[in-house]
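This report refers to the structure that appears directly beneath it.
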Amino acid sequence: MIELKNISLELTGRKILHDLSLKIDDGTISVILGPSGVGKSTILKIILGLLKVDSGKVFIDGKDYTNTGEDRELKLQRKIGMVFQGNALFDSLTVSQNTAYFLCESDKISREDIDSKVKATLAFVNLDGTEDMYPEQLSGGMKKRLAIARALIVEPSIILFDEPTTGLDPINSRVILNLIRNLKTMGTTSVIVTHIINDAIAVGDVLTVLNEGTVVTSGSVKDILRHDNPFIKEFLYEIYKDTSFISRNQDQMQQ
Ligand SMILES: Nc1ncnc2c1ncn2[C@@H]1O[C@H](COP(=O)(O)OP(=O)(O)O)[C@@H](O)[C@H]1O
Ligand SMILES: [Mg+2]
């Protein structure tokens, strides 16, 4: 479980997060939803230990990891995978080499084992046959799947996704969301940050809505839709206009 407790953070003299508390249960798909600039990517960086907070606590599996970054043990670093918004692929490495990247020398893993892990991981994200290609030869959806494969190869129990469907067409978005659902059936915890409400509703077990650097509310899709907060009503306006949208969208996702 990941728990952020009363987190506040200023960057260059500006309040970015303010008294933000959030819990992510194991085995769930949690979606952090909010408009651009609200602090979503910042939250992921705090969980990863890339950013330090001014106050508040970060607990992972009950242990206090507040403001530990490079000091985190390899086991914890491996526990949490990250899929960056821009994918952060290595352009000069092939698909196979990108996928294998985090299987470092310290793993003392044989060439054969690396190859078979790469093959299995690429098959999972449906990128078989692209092993020798370079990122620039891949479509946007394929690049995203490669970024997911690279995060998956060390078998993290938690994966953080920063805007995983932003910039993808609806079909590729659905492929990515279905991959995240498949990960859940294998017991992986996913944290997705997004401003795309439809995607949040389609996969989220728990939705946390942010505004002005803090949590407005957190709950199931139904809980959120029932909420009376004016910000939520405005943010979800399109959905409020057509509540049958939710059941339709969830049905589509099951296919
Ligand atoms: N390193 C930084 N220094 C100063 N301000 C930053 C920095 N990183 C992000 N911000 C600001 O923090 C706010 C939240 O950023 P971010 O977490 O990227 O938002 P989101 O991912 O929700 O779009 C934005 O206003 C952004 O300009
Ligand atoms: Mg962001």
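The values are calculated or read from the model by the stated rules, or taken from the named source; none is laboratory data. Since this is a predicted model, take the numbers as computed values, not measurements. Cβ atoms come from the backbone with ideal geometry, glycine included; neighbour counts cover every protein chain shown.
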Considering every residue within the stretch 83-92, establish whether at least one is among the β-branched types (V, I, T), more than 13 Å from ligand 2 (Cβ to nearest atom) and surrounded by 13 or more Cβ atoms within 10 Å (Cβ to Cβ). no
With criteria (1) out of contact with any Lys or Arg (no Cβ under 6 Å at 6 or more places or on another chain); (2) crowded, with 22+ Cβ neighbours inside 10 Å; (3) closer than 19 Å to S41 by Cβ, L152 comes up short on (3)
Counted residues, the stretch 185-200 - those being within 19 Å of L22 (Cβ to Cβ) and away from ligand 2 (no atom under 16 Å from the Cβ): 3
Test for P135: is it modelled with pLDDT under 95, more than 23 Å from T189 (Cα to Cα) and surrounded by fewer than 23 Cβ atoms within 10 Å (Cβ to Cβ): no
Select, from K75, K52, the only residue that is in a loop (DSSP other than H, G, I, E, B) and over 21 Å from V216 (Cβ atoms). K52
Count - residues of the stretch 32-52 that are crowded, with 21+ Cβ neighbours inside 10 Å and away from ligand 2 (no atom under 16 Å from the Cβ): 0
Residue selected from the stretch 156-175 under the condition part of a loop (DSSP other than H, G, I, E, B) and free of Cβ contacts under 8 Å to residues at least 40 places away in the same chain, by the criterion nearest to G49 (Cα to Cα): T165
Across (1) more than 13 Å from ligand 2 (Cβ to nearest atom); (2) farther than 23 Å from T188 by Cα; (3) touching a helix residue (DSSP H, G or I) at 6+ places or on another chain (Cβ under 6 Å), Q97 clears everything bar (3)
Could you go through the stretch 15-31 and let me know if any residue there is within 15 Å of T189 (Cβ to Cβ), more than 16 Å from ligand 2 (Cβ to nearest atom) and basic (K, R). yes
Sort out which residues of the stretch 1-60 are within 9 Å of ligand 1 (Cβ to nearest atom), in contact (Cβ under 8 Å) with a residue 60 or more places away in the chain and closer than 16 Å to E163 by Cα, and write them in order of number. I32, G34, P35, S36, V38, G39, K40, S41, I43, L44
Filtered residues of the stretch 1-14 (kept if away from ligand 2 (no atom under 16 Å from the Cβ) and of a type in the set (A, V, I, L, M, F, W, C)): M1, I2, L4, I7
When residues of the stretch 158-187 are limited to those that are more than 16 Å from ligand 1 (Cβ to nearest atom) and of a type in the set (G, A, S), the one surrounded by the most Cβ atoms within 10 Å (Cβ to Cβ): S173
